[in-house]
1. Considering each residue of the range 55-77, count those that are without any contact (Cβ under 8 Å) to a residue 40 or more places away in the chain and more than 11 Å from the chain's Cα centre (by Cα), and give that number.
2. Determine which member of the set Y37, Y52, Y44 is out of contact with any Gly (no Cβ under 7 Å at 6 or more places or on another chain) and in contact (Cβ under 8 Å) with a residue 40 or more places away in the chain.
3. In the range 33-71, what count of residues is obtained for those that are surrounded by 10 or more Cβ atoms within 10 Å (Cβ to Cβ) and part of a loop (DSSP other than H, G, I, E, B)?
4. Out of the residues in the range 1-32 that are out of contact with any strand residue (DSSP E or B) (no Cβ under 9 Å at 6 or more places or on another chain), touching a residue at least 12 places away in the same chain (Cβ under 8 Å) and assigned to a loop (DSSP other than H, G, I, E, B), which is surrounded by the most Cβ atoms within 10 Å (Cβ to Cβ)?
Amino acid sequence: MYTEKELEILGNKTMDSMNFSHMTDIEEVRIDENLPYSKRLAQYFSYSKNPYFFRYGKIKVQTRFENNAETLEDIVMKLLVSLKGR
């Protein structure tokens, strides 16, 4: 799991600084849905070197969040749930 400071540093990177081959392909992420929320989140983070950047096949994706918006954890869980139905 990342600390708040680590997430801040990772979130401040730019798409240009990210190496495509080092980005997690979200299609390859497998999360055990039977685990509690915190364990599922930790499982996702174990796949990702930077949770703000990933790829979907050949498409690079960068995420940004507002301080008063949903948490990164909430967004990631929604993304994983939406991909489950595919």
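Read-outs throughout are calculated quantities, based only on the coordinates presented, and are distinct from any laboratory measurement. Since we're looking at a predicted model, the values are computed, not measured. Glycine also receives a Cβ, built like all others from the backbone with ideal geometry; neighbour counts cover every protein chain displayed.
1. Within the range 55-77, the subset without any contact (Cβ under 8 Å) to a residue 40 or more places away in the chain is 55-59, 61, 63, 66-71, 73-76.
In the following step, the residues that additionally are more than 11 Å from the chain's Cα centre (by Cα) were identified as 56-59, 66-71.
Residues flagged as without any contact (Cβ under 8 Å) to a residue 40 or more places away in the chain and more than 11 Å from the chain's Cα centre (by Cα) within the range 55-77 amount to 10.
2. Working: Y52 fails: out of contact with any Gly (no Cβ under 7 Å at 6 or more places or on another chain); Y44 fails: in contact (Cβ under 8 Å) with a residue 40 or more places away in the chain.
Exactly one residue qualifies, and that residue is Y37.
3. Counting residues in the range 33-71 that are surrounded by 10 or more Cβ atoms within 10 Å (Cβ to Cβ) and part of a loop (DSSP other than H, G, I, E, B) gives 11.
4. I31
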